[in-house]
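**Q** This is the structure, below, for whatever I ask next.
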Amino acid sequence: MFSTESKTRGRILLIDDDQNVAKVVKKFLERVGHSVDTAASGEEGIRLIGGNQYDMVITDIYLPGMDGMAVLDKIKSINPELDIVVITGYGSIESAVSFMKAGAIDYISKPINLEHLDIVIRKTLERKELIKAARERDIYFRMSLTDALTGMFNHKYFQDSLEREILYCRRKTESLTIMMADIDGFKAVNDDFGHQAGDMVLQKISMNILKACRSHDTVSRYGGEEFGIILPETGVEKSMRVAERMLNVVGSQSYPPVNRPITISIGIASFPEHAYDREELIQKADLALYHSKGKGRNRFTVYDGSLEPDIRH
Ligand code: GH3
Ligand code: MG
Ligand code: MG
């Protein structure tokens, strides 16, 4: 996978007290496009690492003063992620192994074969690039699933998880319950205390909703001041206890700077009891939520056929 055509270039620190070796290696590495600083002792190398951003370090293991192992330990304590390649004496594989056990990423032996050195450096830099790219992908992936204000999962994650959970429950003939929760009178909170205070309330309510749920429940910000919660392997009875707890936790807290009680209303619907697919389940939980609002708020309602609007005229 590591192409010799790779354009990977790095900022490299070379620590070697042998000035001839340092000169030859530096010249070679610069010719192939790297930027290289040299240090003639471990102490000097450590100093340079303190003030520069290197991609990797190449260090001789035989150094005057601080020896190679001490240098390696010190570098790892400063920056555990900095890749270190050690230069070992000819045939001393044991020392190479002990350095790799201590955290070196690879080794080259003296006398240095420049082509081998080139391969080791490319592999090290490319590995570093791959790790960086994987981390970025991971961050963007997580960002795409979470809501920036509350840190909760977002609408899309809620929909995707619900679809997945329903498929699972169909296969396993399990039940699941969802709750739609909406903050009561939130428009007035914004109007009376400002949007920033509203945001703070949203954040604290999110924490409290999470507190009332169990670790395997999926809690997400459905939109605005509404939350969608998936309770896997949970029927109506159990979900009512969770809803009760949620109303208590949310309603019993204060939300400075807002100096009035803040409550939520909840609608509950279960699979397969009330609906057999995702959209219908959400629609039924919404209808139950609407009913909680109509009945005076700060309460939960479990979906029931009698809640359906009467369409006979
Ligand atoms: P109800 O009890 O019927 O739910 O009344 P309500 O005032 O909560 O409902 P309404 O739908 O009238 O208003 C919702 C408000 O929520 C309006 C909107 O500005 C506010 N809101 C939605 N998202 C955010 C947000 O991210 N931050 C803030 N501060 N407010 C938000
Ligand atoms: Mg509301
Ligand atoms: Mg709302």
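**Q** Relative contact order of region 155-312, please, whole-number percent, based on alpha carbon pairs below 8 angstrom and at least 6 residues apart.
**A** Once normalised by length, the contact order is 28 percent.
**Q** Could I ask something else about it? For region 214-313, report the convex hull volume of the alpha-carbon atoms normalised per residue, in Å³, without decimals.
**A** Taking the convex hull of the Cα positions in region 214-313, it is 129 Å³ per residue.
**Q** How big is the dipole moment of the chain about its Cα centre under a simple scheme where the beta carbon of each Lys and Arg is +1, that of each Asp and Glu is -1, and everything else is neutral? Debye, nearest 20, please.
**A** 260
**Q** Once the dipole of region 260-313 is set up with Lys and Arg at +1 and Asp and Glu at -1 on Cβ about the Cα centre, which of G305, A269, S292 lies farthest towards its positive end?
**A** Selected residue: S292.
**Q** Expressed as a rounded percentage, what relative contact order does region 1-119 have, with Cα pairs under 8 Å and six or more residues apart?
**A** 22
**Q** Please list, by residue number, everything in region 272-288 whose backbone N is under 14 Å from a paramagnetic label point 7 Å out along Cα→Cβ of E163.
**A** Taking a point 7 Å out along Cα→Cβ of E163, the residues of region 272-288 whose backbone N falls under 14 Å are 277-280.
**Q** While we're here: Charges on Cβ only, +1 for Lys and Arg, -1 for Asp and Glu, centred on the Cα centroid of the chain; of L125, N79, G45, which one is farthest towards the dipole's positive end?
**A** Checking the options against the dipole of the chain, the answer is N79.
**Q** Then there's this: By how many degrees, 0 to 90 and rounded to 10, does the Cα axis of helix 42-51 deviate from the longest principal axis of the chain?
**A** 40
**Q** What are the semi-axes of the equivalent ellipsoid for the chain, taken as the square roots of 5 times the Cα gyration tensor eigenvalues, largest first, in whole Å?
**A** After diagonalising the Cα gyration tensor, the semi-axes are 63, 22, 16 Å.
**Q** Is there a quick way to get the dipole size of region 156-207? I mean about its Cα centre, with the Cβ of Lys and Arg at +1 and of Asp and Glu at -1; what is the value in debye to the nearest 20?
**A** Value, rounded to 20: 400 debye.
**Q** Name the long-range amide H neighbours of I58: under 5 Å, sequence gap of 5 or more, or other chain; modelled H, no Pro or chain starts.
**A** Those lying under 5 Å, H to H, from I58 are L13, L14, I15, V85.
**Q** About the Cα centre of region 1-144, how large is the charge dipole given +1 on each Lys and Arg Cβ and -1 on each Asp and Glu Cβ? Please answer in debye to the nearest 20.
**A** Approximately 500 debye in magnitude.
**Q** Another question about this same structure. Distance check, please: which entries in K26/K101; K23/K123; K76/K156; K76/K211 exceed 32 angstrom between their Cα atoms?
**A** Flagged as over cut-off: K76/K156; K76/K211.
**Q** Can you tell me, using C-alpha contacts under 8 Å and at least 6 residues apart, the relative contact order of the chain as a whole percent?
**A** After rounding, I find 12 percent.
**Q** Please give every one of the aspartates and glutamates within straight-line cross-link reach of K284, meaning a C-alpha to C-alpha distance under 13 Å, and leave out same-chain neighbours fewer than 8 residues apart.
**A** Within reach: E273, D304, E308.
**Q** Another one. Among rounded, prolate and oblate, which fits region 1-136 when a ≥ b ≥ c are the square roots of the eigenvalues of its C-alpha gyration tensor, a/c under 1.5 means rounded, and a/b larger than b/c means prolate?
**A** It comes out rounded by the Cα gyration axes.
Bear in mind that the values in this text are calculations on the coordinates, not laboratory data. What you are looking at is a predicted structure, and each value in this text was computed from that prediction instead of being measured. Don't worry about glycine lacking a Cβ; one is built from the backbone with ideal geometry, like all the others, and counts go over all protein chains shown.
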